[in-house]
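Colleague: Dumping the structure here so I can ask a few things about it.
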2 protein chains.
Amino acid sequence: MDWVHLLASRNTRMKASEIRELLKILDQPDVISFAGGIPDPALFPKTEMADAYAAVLDQSGDAALQYSASEGYRPLREWIQGEMARVGVPCDLDNILITSGSQQALDYLGKLFLNAGDTALVGWPSYLGALGAFNAYEPRYDRLDPKSNRSAQDFNDAADGRVKFAYMSVDFANPTGVTLDHQDRVNILQLADDLDIAIIEDAAYQALRFDGEATTPILAMEIADKGNIDACRTIYTGSFSKTLSPGLRVGWVVAAKPVIDQIVLIKQASDLHSPSINQMVVNYVARACFDEHVAKIRTAYMARRDDMLRALAAHMPDGVEWTRPEGGMFIWMTLPSHLDGAELLAHSLREERVAFVPGQAFFADGSGSNTMRLNFTNANAEQIETGIARLGQLIAQTISNA
Amino acid sequence: MDWVHLLASRNTRMKASEIRELLKILDQPDVISFAGGIPDPALFPKTEMADAYAAVLDQSGDAALQYSASEGYRPLREWIQGEMARVGVPCDLDNILITSGSQQALDYLGKLFLNAGDTALVGWPSYLGALGAFNAYEPRYDRLDPKSNRSAQDFNDAADGRVKFAYMSVDFANPTGVTLDHQDRVNILQLADDLDIAIIEDAAYQALRFDGEATTPILAMEIADKGNIDACRTIYTGSFSKTLSPGLRVGWVVAAKPVIDQIVLIKQASDLHSPSINQMVVNYVARACFDEHVAKIRTAYMARRDDMLRALAAHMPDGVEWTRPEGGMFIWMTLPSHLDGAELLAHSLREERVAFVPGQAFFADGSGSNTMRLNFTNANAEQIETGIARLGQLIAQTISNA
């Protein structure tokens, strides 16, 4: 049976995520891995989750095990409404939809906006999962750089007038760890207004700020400017994967009602609704201990970020640069331009048993071969010191051999 | 903010499911509803589910709350492998992928095969959720009728050679309750071989057979003929929604490895994976009590089917026809050709407080205005007798007024 001639053209653009393929290999216990982007399971609220599943099944078992509304579980949407108000985004329940992780929101937004050949503006680099989700709808990409002063006209010319949205991970971004400052956000909003396109504000890591001042979400800035969310072009995506648990697959989208109405239809056609029971459990756990639990995670991850920054300062040779994130899960490293992250990974796995993610896959234009992503949330202090020391030595050798 | 010019063209084909919109209205307690397609929550295995969530979190809490593989939880795939062998489908684990309900499998298969303008062969009528899922990929539809002898050439001519798959709900289909007999299945397989297209065998209701002989799945027939699953064009979709619980959103796809490999990529890009904990719980409950639990459901639903068939025979006037399903959840009614199911529903809700689903939405060509779907799984004997009596009276009046 030859399947190739039956496949839709979009499939030629869908390939295995290098990160997820890597994760399969990295189960060997002697490998120190900075490759994943996964939370430390030791910090999962296991007791609270067990209590919540028991309580939800005991008190509302029929609803928990039954089909439910595509929009999502109302009390959870009410909790999210409260959280959004806290970050400057007042909205109605009709502005909120529950998704199966924020990854699903990205898929749905690609489905909502992108015809084949339309242009999506993304960072160079961008979250790999966003590129993967959008690729299914066969877009072209152009570079969104909030510090550039490229004109709307220039973007439109490059895209034959078919720019649909600007996508950005805004806080401690995956993969760079970088947070967009206030002026960056003003610039993106201005560009989107000029182009009359949507903004997708990926706030998956927002709650994981360790230090520094919280930056106002783009959607909050826009609401302050335009009066109410239904007049806004910014679509905000959030997630419980980095705070409570990724295994339940619960995220959300906040946007103008016409956008939510359309995504409800997309969700109905794609998986009917997110699991009823998991939404009810997330609601239960969030109400019981969200702030307290997130404070605990932040403290733990901040210490690991500090460990990794200290180790990088101690062990990396001249010519290597890295970011200093104020939160999140990742540090982004830039090697001298003649070094190749993928080759370095091959050496590192073979000789040093240290893993990371080469950065090139995060670039929609295939550049960035001298970059790499380091995760600091799922390794302990000793692993961080040892792993970064080995990596520093390998990079120093590679530089001097080149 | 005007969104219309930003939306991808596929959105013009996505509209609210009439059934799901109806379900919102039907919460009034005095309405007798045969409209939904939902299981009776009184039959959910609540104790077993509570035990399973507690055990899974206690024994494997880290894995249950963590990210997991896009393919799905291996022990659950192993259990499914055993079940598939029981229905004549021997396969490897690599032939099995877990989805978020079988609805998601239909979305993914649309995404896998359909370019805009490709043709999907579907029944007249078909499962509404399948049409909804496929619509997002902008296909044309042509009629799949296993009892017709239309030639492959004729289908190809109508589709400019762009037929991609034949989709069929095979056992006690939603909405008709009809089961494809052996010869129907032979005919579909022959047609698909002649056209060199895929077959999507929707087996969501397969386990709910009340009486009669089990019919061999198309995939089993094809494996018997071609030697092994990797040589087969049939893609089988299954679900735990009708047996254990729809609220956990766990279903599966079984197909040749190249198909599964590609769907894994689609799943990775669309929601990473189905919830880890729910897959582990379904595995736990399925191993603890699947056969026993399904036997209990079958007995309960069979009694309701019998109640409804008895009530229909007693109360429906001449000129009304209905199916006699050997399982599943639905009876399909055909009214005299001048009657309209949607108008009848409006009258029925207003005057008789009885709900059902008008059949037209299930027809890709917009025909079938004189048909309707009756669900018998979520009403008790008294409601069935009363509701069908009222409906019979209304239909008799409507016929005599026409």
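Colleague: If you go through the range B:44-55 one residue at a time, do you hit one that is in contact with a Gly (Cβ under 7 Å, 6 or more places away or on another chain) and either more than 10 Å from chain A (Cβ to nearest Cβ) or among the aromatic types (Phe, Trp, Tyr) (or both)?
Modeller: Yes, the range B:44-55 has at least one match.
Colleague: Pick out the one residue from A:ALA166, A:ALA198, A:ALA204 that is under 23 Å from A:LEU244 (Cβ atoms), of a type in the set (A, V, I, L, M) and either touching a residue at least 24 places away in the same chain (Cβ under 8 Å) or assigned by TED's automatic domain parsing to the domain that holds A:LEU109 (or both).
Modeller: One residue alone meets the criteria, A:ALA204.
Colleague: When you scan the range A:164-182, do you find a residue that is out of contact with any Phe, Trp or Tyr (no Cβ under 7 Å at 6 or more places or on another chain) and within 14 Å of chain B (Cβ to nearest Cβ), even just one?
Modeller: yes
Colleague: Keeping to the range B:193-218, report how many residues are modelled with pLDDT under 95 and in contact with a helix residue (DSSP H, G or I) (Cβ under 8 Å, 6 or more places away or on another chain).
Modeller: Here the count works out to 1.
Colleague: Name the residue, out of B:PRO125, B:PRO39, B:PRO29, that is surrounded by 24 or more Cβ atoms within 10 Å (Cβ to Cβ) and outside the structural domain of B:PHE165 (by TED's automatic domain parsing).
Modeller: Checking each option against the conditions leaves just B:PRO39.
Colleague: Further question: Given the structure, is B:GLY101 modelled with pLDDT of 95 or more and on the phi > 0 side of the Ramachandran plot?
Modeller: yes
Colleague: Filter the range B:322-339 for residues that are surrounded by fewer than 18 Cβ atoms within 10 Å (Cβ to Cβ) and over 30 Å from B:PHE210 (Cα atoms) and give the result.
Modeller: Across the range B:322-339, the qualifying residues are B:SER337, B:HIS338.
Colleague: Go through (1) facing another protein chain (nearest Cβ under 8 Å); (2) buried (at least 24 other Cβ atoms within 10 Å of the Cβ); (3) closer than 26 Å to B:GLN190 by Cα and name the single condition B:GLY101 misses.
Modeller: That leaves (3) as the condition not met.
Colleague: Which is assigned to a helix (DSSP H, G or I) and farther than 30 Å from A:TYR73 by Cα, of A:ALA288, A:ALA314, A:ALA295?
Modeller: Step by step, each of A:ALA288, A:ALA314, A:ALA295 is checked, and only A:ALA314 is assigned to a helix (DSSP H, G or I) and farther than 30 Å from A:TYR73 by Cα.
Colleague: Of all the residues that make up the range B:217-246, how many are within 27 Å of B:ASN278 (Cα to Cα), β-branched (Val, Ile, Thr) and more than 11 Å from chain A (Cβ to nearest Cβ)?
Modeller: Adding up the residues that qualify gives 2.
Colleague: Restricting to the range A:351-374, give me the number of residues that are among the aromatic types (Phe, Trp, Tyr) and in a loop (DSSP other than H, G, I, E, B).
Modeller: Adding up the residues that qualify gives 2.
Colleague: Considering only the range B:116-148, how many residues are in contact (Cβ under 8 Å) with a residue 40 or more places away in the chain and within 19 Å of A:PHE134 (Cα to Cα)?
Modeller: Initially, the range B:116-148 is screened for residues in contact (Cβ under 8 Å) with a residue 40 or more places away in the chain, giving B:116-132, B:135-138, B:141, B:143-144, B:146-147.
Checking which are within 19 Å of A:PHE134 (Cα to Cα) leaves us with B:116, B:135-138.
Adding up the residues that qualify gives 5.
Colleague: Would you confirm, using the coordinates I've provided, whether A:ILE80 is within 14 Å of chain B (Cβ to nearest Cβ) and within 23 Å of A:TYR205 (Cα to Cα)?
Modeller: Criteria not met by A:ILE80.
Colleague: Please determine whether any residue of the range A:81-89 is modelled with pLDDT of 95 or more, assigned by TED's automatic domain parsing to the domain that holds A:SER239 and within 30 Å of B:VAL250 (Cβ to Cβ).
Modeller: Taking the range A:81-89 first, the residues modelled with pLDDT of 95 or more are A:81-89.
From what is left, the residues that are assigned by TED's automatic domain parsing to the domain that holds A:SER239 are A:81-89.
Filter once more, so that each one left must be within 30 Å of B:VAL250 (Cβ to Cβ): A:81, A:83.
Within the range A:81-89 (the criterion being modelled with pLDDT of 95 or more, assigned by TED's automatic domain parsing to the domain that holds A:SER239 and within 30 Å of B:VAL250 (Cβ to Cβ)), the answer is yes, since at least one residue qualifies.
Colleague: A follow-up question, please. Quick check on my filter: what residues within the range B:132-163 are in contact with a Phe, Trp or Tyr (Cβ under 8 Å, 6 or more places away or on another chain) and aliphatic (A, V, I, L, M)?
Modeller: Selection gives B:LEU144, B:VAL163.
Colleague: Can you tell me which residues in the range A:169-195 are without any contact (Cβ under 8 Å) to a residue 40 or more places away in the chain and closer than 23 Å to A:LEU309 by Cα?
Modeller: A:LEU180, A:ASP181
Colleague: List every residue pair whose Cβ atoms sit under 6 Å apart, with the two residues 6 or more apart in sequence or on different chains, where the first one lies in the range B:391-402 and is free of Cβ contacts under 8 Å to residues at least 60 places away in the same chain and the second, anywhere, is buried (at least 16 other Cβ atoms within 10 Å of the Cβ) and assigned to a helix (DSSP H, G or I).
Modeller: B:LEU394/B:SER348; B:LEU394/B:GLU352
Colleague: Got a sec? Which of B:ARG287, B:ARG310, B:ARG305, B:ARG298 is at pLDDT 95 or above, crowded, with 23+ Cβ neighbours inside 10 Å and either over 24 Å from B:GLU213 (Cβ atoms) or not assigned by TED's automatic domain parsing to the domain that holds B:GLY238 (or both)?
Modeller: That would be B:ARG305, the only listed residue that is at pLDDT 95 or above, crowded, with 23+ Cβ neighbours inside 10 Å and either over 24 Å from B:GLU213 (Cβ atoms) or not assigned by TED's automatic domain parsing to the domain that holds B:GLY238 (or both).
Colleague: Being touching a strand residue (DSSP E or B) at 6+ places or on another chain (Cβ under 7 Å) and of a type in the set (S, T, N, Q) is the filter here; which residues of the range A:174-205 pass it?
Modeller: Of everything in the range A:174-205, those that are touching a strand residue (DSSP E or B) at 6+ places or on another chain (Cβ under 7 Å) and of a type in the set (S, T, N, Q) turn out to be A:ASN174, A:THR176.
Colleague: Let me ask something additional. When you scan the range A:25-36, do you find a residue that is assigned to a helix (DSSP H, G or I) and either in contact with a helix residue (DSSP H, G or I) (Cβ under 6 Å, 6 or more places away or on another chain) or of a type in the set (A, V, I, L, M) (or both), even just one? Step through it out loud before you land on a result.
Modeller: Within the range A:25-36, the subset assigned to a helix (DSSP H, G or I) is A:25.
Going one step further and asking which of them are either in contact with a helix residue (DSSP H, G or I) (Cβ under 6 Å, 6 or more places away or on another chain) or of a type in the set (A, V, I, L, M) (or both), we end up with A:25.
Yes, because at least one residue in the range A:25-36 is assigned to a helix (DSSP H, G or I) and either in contact with a helix residue (DSSP H, G or I) (Cβ under 6 Å, 6 or more places away or on another chain) or of a type in the set (A, V, I, L, M) (or both).
Colleague: Oh, and also: With the checklist (1) assigned to a strand (DSSP E or B); (2) within 14 Å of another protein chain (Cβ to nearest Cβ); (3) surrounded by fewer than 24 Cβ atoms within 10 Å (Cβ to Cβ) in hand, flag the one item B:ALA120 doesn't pass.
Modeller: Here B:ALA120 clears every test but (3).
Colleague: Evaluate the range B:98-108: report whether one residue or more is free of Cβ contacts under 8 Å to residues at least 12 places away in the same chain and of a type outside the set (Ser, Thr, Tyr).
Modeller: no
Colleague: With respect to B:GLY110, is the statement that it is more than 10 Å from chain A (Cβ to nearest Cβ) and either modelled with pLDDT of 95 or more or buried (at least 23 other Cβ atoms within 10 Å of the Cβ) (or both) true? Reasoning before the result, please.
Modeller: On the way: more than 10 Å from chain A (Cβ to nearest Cβ): no; either modelled with pLDDT of 95 or more or buried (at least 23 other Cβ atoms within 10 Å of the Cβ) (or both): yes.
So B:GLY110 does not fit the description; no.
Colleague: Is at least one residue of the range B:50-61 of a type in the set (Val, Ile, Thr), surrounded by 18 or more Cβ atoms within 10 Å (Cβ to Cβ) and not assigned by TED's automatic domain parsing to the domain that holds B:SER126?
Modeller: Yes - at least one qualifying residue is present in the range B:50-61.
Colleague: If you scan the range B:52-82, which residues turn out to be farther than 17 Å from A:PRO246 by Cα, out of contact with any strand residue (DSSP E or B) (no Cβ under 6 Å at 6 or more places or on another chain) and in contact (Cβ under 8 Å) with a residue 40 or more places away in the chain?
Modeller: B:ALA52, B:ALA55, B:PRO75, B:LEU76, B:TRP79, listed by residue number.
Colleague: Give the range A:317-350 a look and list any residue that's farther than 18 Å from A:SER400 by Cα and assigned to a loop (DSSP other than H, G, I, E, B), or say none.
Modeller: A:THR323, A:ARG324, A:PRO325, A:GLU326, A:GLY328, A:MET329
Matching residues to (1) more than 10 Å from every other protein chain (Cβ to nearest Cβ); (2) under 22 Å from the mean Cα position of the chain (by Cα):
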{"site": "B:ALA192", "(1), (2)": "yes, yes"}
{"site": "B:ASP202", "(1), (2)": "yes, yes"}
{"site": "B:VAL264", "(1), (2)": "no, yes"}
{"site": "B:VAL281", "(1), (2)": "no, no"}
{"site": "B:MET302", "(1), (2)": "yes, yes"}
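The values are calculated or read from the model by the stated rules, or taken from the named source; none is laboratory data. Bear in mind the structure is a predicted one, so any value in this text is a computation, not a measurement. Virtual Cβ from ideal backbone geometry, glycine too; neighbours counted across all protein chains shown.
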